[in-house]
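The values are calculated or read from the model by the stated rules, or taken from the named source; none is laboratory data. On a predicted model such as this, the values are computed, not experimentally measured, just so you know. For neighbour counting, all protein chains shown are included, and Cβ atoms are generated from backbone atoms with ideal geometry for every residue, glycine included.
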Amino acid sequence: CMLVEQGGREVEHSKIGHIALRTMEFFRRWGIARAVRAAGFPDDFRMSRVVCTSLAAPPLYVDEHKTLRDMPVPDYSPEKKQRCPQHMLQPVLQRAVDGYACVTSCYETELVSFEQHTDHVMAVVRDVRTKRETLVKARYLVGCDGVNSQVRESLGITMHGKPKLSH
């Protein structure tokens, strides 16, 4: 298995803050749910949000939420959501992946192109620093490359909805 990640091992700008319940269920299956909980905010951290125009003025609105410790585990799952920003989560995921001898992690590497064949995929990946390209043969290619997915677009898979959400 080869992990190809265009960015480096360090997260400069977190793209996530909360980990959904279903994702925590996957982390449980992979044996890392406890490590994720330990890496995130403490159980007694208030999950409330405050809307204000100044830190010196009274808040305009406070959206009260329980602490993670006080949130019950739902009846339909063995897990509950977790507050763990990406820069705290990334090292947990990296340690989990690094624990598998069968996984090669290629950071600062980008997917250039790929060709689907009947029983395999041929992909070209490039080191973003040296620009050296490597041809990779694999049984599968899984595109986990987000909303602007090069893999999805190359396969002609359309996306429905807004390509970017903003507030």
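Hey, Thr158 hits all of (1) over 30 Å from Phe45 (Cβ atoms); (2) at pLDDT 90 or above; (3) β-branched (Val, Ile, Thr) but one; which does it fall short on?
(2)
Looking at (1) closer than 24 Å to Lys15 by Cα; (2) touching a helix residue (DSSP H, G or I) at 6+ places or on another chain (Cβ under 7 Å), find the lone condition where Val103 falls short.
Tallying (1) closer than 24 Å to Lys15 by Cα; (2) touching a helix residue (DSSP H, G or I) at 6+ places or on another chain (Cβ under 7 Å), Val103 fails exactly one: (1).
Using beta carbons and a limit of 6 Å, which pairs, at least six apart or on different chains, have the first residue in the stretch 33-52 and in contact (Cβ under 8 Å) with a residue 40 or more places away in the chain and β-branched (Val, Ile, Thr) and the second one in a loop (DSSP other than H, G, I, E, B) and surrounded by 12 or more Cβ atoms within 10 Å (Cβ to Cβ)?
Correct list of pairs: Val36/Cys84.
If I filter the stretch 7-28 down to residues being surrounded by 11 or more Cβ atoms within 10 Å (Cβ to Cβ) and in a loop (DSSP other than H, G, I, E, B), which single residue comes out as modelled with the highest pLDDT?
Taking the candidates together, the pick is Ala20.
Going residue by residue through the stretch 30-45, is there one that turns out to be in contact with a Leu (Cβ under 7 Å, 6 or more places away or on another chain) and of a type outside the set (A, V, I, L, M, F, W, C)?
yes
Just checking, does the stretch 145-167 include any residue being over 25 Å from Glu12 (Cβ atoms) and in contact with a strand residue (DSSP E or B) (Cβ under 8 Å, 6 or more places away or on another chain)?
yes
What number goes with the only condition from (1) under 25 Å from Glu108 (Cα atoms); (2) without any contact (Cβ under 8 Å) to a residue 60 or more places away in the chain that Leu68 does not pass?
(1)
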